[in-house]
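Have a look at the structure below, then the notes.
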Amino acid sequence: MSVVINECTVEDVKTLQEISYNTFHETFSNMNSEENMKAYLENAFNTKKLEEEISNPASTFYFLYCNGELAGYLKINVDEAQTEDMGEEALEIERIYISEEFQKNGLGKCLLKKGLEVAKDQNKRKIWLGVWEYNTGAIRFYQRMGFVKTGSHSFYMGDEQQTDFIMVKTMA
């Protein structure tokens with residue numbers, strides 16, 4: 001299995017939008033109303049918003065290719081781009097998404113390792129993320145990778161308030 005991770009540029013925004021829609025829908029559509037999914041997808045992954053995010057120097061997106069096919073992506077935030085004020089010593093993993101057909105092949109671990117590398121390169125002391133309280137598979141994965149639940153925050157799926165657990169890993 002050949003795995004390649006490339007940083008995204010603004011020229012990649014249409015591809016980013018497509019994989020964002022698809023992976024988010026695959027992951028969460030069976031646990032949320034169609035109306036809330038549609039509202040969230042249109043708000044979070046519209047072209048203008050993605051262009052702004054990808055152009056922000058404090059956010060970076062990476063595509064993961066498996067055997068030449070786009071299989072997933074990672075979004076990391078530092079400094080003011082973090083969705084919670086966790087300080088200058090923190091790096092946030094905002095999104096790790098792998099297409100359903102590529103799951104269970106260790107690709108999420110590859111993207112997480114990329115996030116850890118970036119954190120180390122930028123001398124960050126902790127890496128953190130938010131994960132939906134009902135996404136038990138992801139929670140178990142992050143626990144296996146050394147993350148610990150430290151709190152929670154609200155996340156809105158359309159008009160529905162949901163809870164994300166905040167999980168943190170301290171860098172060695």
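The values are calculated or read from the model by the stated rules, or taken from the named source; none is laboratory data. Just so it is clear, the structure is predicted and the values come from calculations on it, not from any experiment. No Cβ is skipped: glycine too gets one built from the backbone with ideal geometry, and neighbour counts run over all protein chains shown. Ligands, DNA and RNA are excluded from the accessible area calculation, which covers all protein heavy atoms including side chains. Shrake-Rupley method; radii C 1.70, N 1.55, O 1.52, S 1.80 Å.
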Probe 1.4 Å, all protein chains present, accessible-area order of MET1, MET171, MET157, largest first: MET1, MET171, MET157
How would region 7-60 be classified by its alpha-carbon gyration tensor: rounded, prolate or oblate, with rounded meaning a/c under 1.5 and the a/b versus b/c comparison settling the rest? prolate
Quick one: what are the phi-derived ³J(HN,Hα) couplings along region 90-95, Karplus 6.51/-1.76/1.60 with θ = phi - 60°, whole Hz, x for glycine and proline? 10, 10, 9, 8, 7, 9
Estimate the FRET efficiency between ASN123 and THR47 by the formula 1/(1 + (r/R0)^6), using the beta-carbon distance for r and 35 Å for R0, to the nearest 0.05. 0.55
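Counting only heavy atoms of the protein chains, get the accessible area per residue of region 1-120 (1.4 Å probe) and round it to a whole Å² value. Present the calculation step by step, with values, prior to reporting the outcome.
Working: 6220 Å² over 120 residues.
Result: 52 Å² of accessible area for each residue.
At 222 nm, what value in deg cm²/dmol follows for the chain if DSSP H runs of at least 4 each add -39500 (n - 2.57) and the sum is divided by all its residues, to the nearest 500? If you can, show how the numbers build up before the last one.
Numbers: 5 runs with 60 residues, N = 172.
Taken over the chain, the calculation gives -11000 deg cm²/dmol.
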The local net charge around PHE155, scoring Lys/Arg +1 and Asp/Glu -1 for residues other than PHE155 whose Cβ lies under 10 Å from its Cβ, equals -3
Percent of accessible area on the chain owned by carbon and sulfur, 1.4 Å probe? 44 percent
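Please report the equivalent ellipsoid semi-axes of region 128-172, computed as sqrt(5 x eigenvalue) of the Cα gyration tensor, largest first, in whole Å.
21, 11, 6
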How far apart, in nanometres, would the label points at ALA58 and THR163 be if each is projected 7 angstrom from Cα along the Cα-to-Cβ direction? 2.8 nm
